[in-house]
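This report refers to the structure that appears directly beneath it.
Any read-out appearing in this document is the output of simple, stated calculations on the displayed coordinates, not a laboratory observation. Everything numeric here is computed off the predicted structure, so don't read it as measured data. FYI the Cβ positions are ideal-geometry reconstructions off the backbone, even for glycines, and counts take in every protein chain you see.
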Amino acid sequence: MQRIVIIGGGFAGADLARRLQRKLPKDWEVLLYSRENHFVFTPLLPEVVGAAINPLHVVWPVREMAPGATCRTAEVEHLDFEKQEVEYRGPDNQILRENYDHLVLGCGLDVNLDLVPGMRDHGWALKTLGDAIELRNHVIQQLERAEAEPDEDRRAEFLSFAVVGGGFTGVEVAGSIRDMLSESARFYKRFKLEDIRVNILEAGPRVLGPLPESLSAYAERKLESSGVTIHTGVSVSEIKADGVDIGDGGFLQAGTVIGSIGNTMHTLLAESGLPSERGRILVDPSMQVQGHKNIWAFGDCASVPNAYDGKPSPTLGQFAVRQSKQMAVNLLATLSGREPMPFSYHTRGMFAAIGSGKAVGNPFGIKVTGFLAYMMWRAVYWSKMPSFARRTQIAFDWAWDLLFRRDIVELSTLTTSQRHKK
Ligand SMILES: Cc1cc2nc3c(=O)[nH]c(=O)nc-3n(C[C@H](O)[C@H](O)[C@H](O)COP(=O)(O)OP(=O)(O)OC[C@H]3O[C@@H](n4cnc5c(N)ncnc54)[C@H](O)[C@@H]3O)c2cc1C
């Protein structure tokens, strides 16, 4: 058998494995490596943090998405281009190797925890299912701490939240957290909703920079009226345990700081020696890594030139999925001796949910706002969920969210034996 090895089970890698399984010649197989055994539908992670969706409903096992592929839940630690092998650790920490005939890199990007001093120690990232579950738990714990805390100043610290970055993720997570807090505050006696502060700190002149100005202005107005304070034109110089240093000597109190900015290359790729620019692998328009005929890269980890506008593709799931479609065509063409084709895609527009049942978006260049945009936002993401089962579960979650209050149960993972060791 000849083998295509894919690294990464995200939007790019899992989708490619699914597409290839049906079309590969009989003597070819797909071997997919991913650190987690599931694909994460990241656009809905902010809703997990805000307790609008069950965490398990935004993930899907990669081996169920692509049953024809062999899936290994393992982190690839080294690439040997000379021997055409990838190296990973087995269950007993032993070093194992597998060979490839074609290697496809779809490892995404890592969060840069060193972009802002203090982020590593005091900040919260939102990238994985684990991040979303932990952050959801933490927000609920902050409410419980505030309820137990007699000192007013300390209570104010527990009840203050700051999101660094007013891009799509930052705005969505701030709106979602605010929604959960609005619905939950009434169950606590020591504080009121007015005592809770949610802030967005954006270095640029407005939030949601890639959207038209009027949509940003609408989002800012609605977020402010729902209780989110927006600070634009401020740069965060340090994240501390009790807040953030901003600008020239300013300080904003925040017991919880969520960083939605800053990506970096995975160590695997950084150490690979492959050509890169601004933290992304350099590929030619057909997504072949420059100088390597049988190595390909796509998704967030690669700077894929878009033939539609001549620009590098942005780091977005919708681009990763389109690249996967072209990647499948190109691999099949190459296996049968034909030339691969360049990637070309015109974006259909973007949406951002801003909380309180509202969103903004520009599908096909048409500006939409409010509840209509929110329903469109939900319909778009719902239709992109990878399985009918998950689509059904998400539909129930959203129906539940319309009728009932958000769930403030802390998903405790403390076991009896851990409690006894304390
Ligand atoms: C909170 C959030 C919200 C977002 N919202 C949107 C949105 O609304 N619309 C949109 O278009 N985009 C959105 N994005 C961006 C989108 O998630 C990314 O563009 C997309 O995930 C990129 O797909 P990918 O396959 O390249 O990488 P990823 O989806 O990040 O997948 C990479 C995979 O590779 C694995 N991996 C990495 N290194 C290794 C290794 N050494 N060995 C084995 N496996 C490895 C990872 O574990 C992961 O499974 C959002 C992102 C976040 C974080």
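In nm², what is the average projected area of the convex hull enclosing the Cα atoms of segment 146-294?
It is 12.7 nm².
Give me R145, R22 sorted ascending by neighbouring Cβ count inside 10 Å, so fewest comes first.
Ascending Cβ contact count within 10 Å gives the list R22, R145.
Which loop-located trypsin sites (Lys or Arg not before Pro) does segment 43-140 contain, where loop means any DSSP state but H, G, I, E or B and the Cβ has at most 16 other Cβ atoms within 10 Å?
K83
Which entries of K222/K311; K293/K325; K127/K384; K192/K367 have Cα-Cα distances beyond 25 Å here?
Over 25 Å Cα-Cα: K222/K311; K192/K367.
Where does the chain land at 222 nm, in deg cm²/dmol rounded to the nearest 500, when only DSSP H runs of n ≥ 4 count, each adding -39500 (n - 2.57), divided by all residues?
-10500 deg cm²/dmol
Give me the Kirkwood hydrodynamic radius of the chain, using the inverse of the mean 1/r over all pairs of distinct Cα atoms, in Å to one decimal.
About 22.8 Å, per the Kirkwood formula over Cα pairs.
Could you work out the local net charge near L211, counting Lys and Arg as +1, Asp and Glu as -1, over the other residues with Cβ closer than 15 Å to its Cβ?
Taking every other residue near L211 into account, the sum is +2.
For R221 and T392 in one chain, what is 0.36 nm times their gap in residues minus the Cα-Cα distance, to one decimal in nm?
Result: 58.2 nm gained on full extension.
Can you tell me the FRET efficiency between R97 and S237 if r is taken as the Cβ-Cβ distance and R0 is 41 Å, rounded to the nearest 0.05?
With R0 = 41 Å, the Cβ-Cβ based efficiency is 0.35.
In nm, to one decimal, how far is the modelled label at E75 from the one at E271, with both set 7 Å along Cα→Cβ?
Inter-label distance under the simple model: 1.0 nm.
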